[in-house]
Amino acid sequence: MQVQRVVLNSRPGKNGEPSPKNFRLERISLTPDLEDGQVLVRTLYLSVDPYMRCRMNEDTGADYLTPWELSECLDGGGVGVVEGSRCSALTGGDVVTSFNWPWQTHAVMIGDGLQKVDLQMVDGHLSYFLGAVGITGLTALLGVREKGYVTKGANQTMVVSGAAGACGSLAGQIGRLDGCVRVVGICGSDEKCKALVEDLGFSAAVNYRSEDISARLQDICPDGVDVYFDNVGGAVSEAVIEQMNKGGHVILCGQISQYNKDVPYPPPLSDKTQEILQSRSIIRERFMVLSYMSKAEASLFELSQLIKSAQIKVLETVVNGIENMGVAFCSMMRGGNIGKQIVKISD
Ligand code: NDP
């Protein structure tokens, strides 16, 4: 059978912005004859995520991430349907997911490496397994719970950067449900600010591209900032930390503003910000969702319930076609998405 796949065409370089030209679409023939333990899957949805920027480098800088190889098929989070199986645990029609799904329209995969999903968890929104009822939702929920120290009745203010993105949009809603009296989002457009306040129930939103973050935060956070869910790092985060209260907590989730630069993770802070953290006893701890996978099952169930009961709203930006994987990735890295960036591969 003829299938399409996406391979790495070139690397952006450690200090380069990724471009759709770094990706190449190929047609190959796939022999659908299966060996014992294998399944044939048709890809339904693929995910593009910020960590993939590290995989575009020869050295990812992280021991848990392997680099993508030139001219090899790329991979990441995916969802698909089993069309043929020689694996006893899976049968045709099962919907399955994996963190290492090839960017390919059909693929032969090892059945044991796939996770069968329960469709009731997402009420038919299969792409949610890559976002709100997948690793993104876990990152938001467990990030807030493990590192945020949100306490009901404590009159806390939370700020979220990258707030209109996949993790950020969920983290802010979870902060509000868990008891923050004020949740402020920082993001890159007026349209995103409007969505945060009008659709997702954030108390206020700041456009970091056009507004003075410090002045706006002083205005909208009169009691200071207690919890900061940091997705972006850089100047945005330094401005937020400056407004933080004594004993506050920074959830160090990601630093996307630095991902096109050759700096260690987490990138160093300015002396001034270091001094603020120290003098105000603000705890800034790195959060890694993969360290909390023992809590995944219960947390995914909770996320599913929160979504079904409309306590959390899910936003997605969906692009169609495997030929647009590179375009979708680069668009997400520049802020083209509201909510989770998904690529739909087939119906
Ligand atoms: P998003 O859906 O948030 O997409 C990325 C967003 O980042 C863009 O939409 C853009 O929004 C924003 N952005 C891009 N460049 C900049 C910049 N220079 N300054 C400020 N904002 C910028 O992606 P995810 O939700 O998947 O990931 C969010 C963060 O969470 C990332 O840092 C990621 O690495 C991290 N992460 C961490 C995990 C963990 O275990 N710690 C697990 C998963 C993700 P805008 O228009 O607002 O600029």
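Residues that are near the ligand (Cβ under 10 Å from one of its atoms) and either open to solvent by 20 Å² or more (accessible area, probe 1.4 Å) or among the hydroxyl-bearing types (Ser, Thr, Tyr) (or both) within region 125-146 comprise 135, 136, 139, listed in sequence order. Which of the residues spanning region 185-200 are touching a residue at least 40 places away in the same chain (Cβ under 8 Å) and more than 9 Å from the ligand (Cβ to nearest atom)? Those that are touching a residue at least 40 places away in the same chain (Cβ under 8 Å) and more than 9 Å from the ligand (Cβ to nearest atom): 191, 195, 199, 200. All of 280, 284 fail the test of being open to solvent by 30 Å² or more (accessible area, probe 1.4 Å), touching a Phe, Trp or Tyr at 6+ places or on another chain (Cβ under 9 Å) and of a type outside the set (Val, Ile, Thr), apart from 284. The single condition among (1) open to solvent by 20 Å² or more (accessible area, probe 1.4 Å); (2) part of a strand (DSSP E or B); (3) among the hydrophobic types (A, V, I, L, M, F, W, C) that residue 159 does not satisfy is (1). Of everything listed in (1) among the acidic types (Asp, Glu); (2) open to solvent by less than 50 Å² (accessible area, probe 1.4 Å); (3) within 12 Å of the ligand (Cβ to nearest atom), the single unmet condition for residue 178 is (3).
Residue by residue, here is whether (1) buried (at least 21 other Cβ atoms within 10 Å of the Cβ); (2) in contact with a Ser or Thr (Cβ under 7 Å, 6 or more places away or on another chain) holds:
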residue	(1), (2)
78	yes, yes
84	no, no
88	no, no
91	no, yes
94	no, no
100	no, no
113	no, yes
117	no, yes
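Regarding residue 327, is this residue within 30 Å of residue 347 (Cβ to Cβ) and crowded, with 16+ Cβ neighbours inside 10 Å? Judged against the criteria, residue 327 is a match. Annotation note: Cβ proximity below 6 Å between a residue of region 276-291 that is closer than 14 Å to residue 227 by Cβ and a residue that is within 16 Å of the ligand (Cβ to nearest atom) and among the small types (Gly, Ala, Ser) (sequence gap 6+ or interchain) occurs for 287/143. Take residue 209 and tell me if it is in a loop (DSSP other than H, G, I, E, B), surrounded by fewer than 24 Cβ atoms within 10 Å (Cβ to Cβ), in contact (Cβ under 8 Å) with a residue 12 or more places away in the chain and over 16 Å from the mean Cα position of the chain (by Cα). Criteria met by residue 209. From (1) closer than 19 Å to residue 139 by Cα; (2) surrounded by fewer than 14 Cβ atoms within 10 Å (Cβ to Cβ), pick out the condition that doesn't hold for residue 295. The one condition residue 295 does not meet is (2).
The values are calculated or read from the model by the stated rules, or taken from the named source; none is laboratory data. Here the structure is a predicted model, which is why all the values come from computation and not from measurement. Quick reminder, even Gly has a Cβ in these numbers, built from the backbone with ideal geometry, and neighbours come from all protein chains shown. The area values use the complete protein model at the heavy-atom level, side chains included, leaving out ligands, DNA and RNA. Shrake-Rupley method; radii C 1.70, N 1.55, O 1.52, S 1.80 Å.
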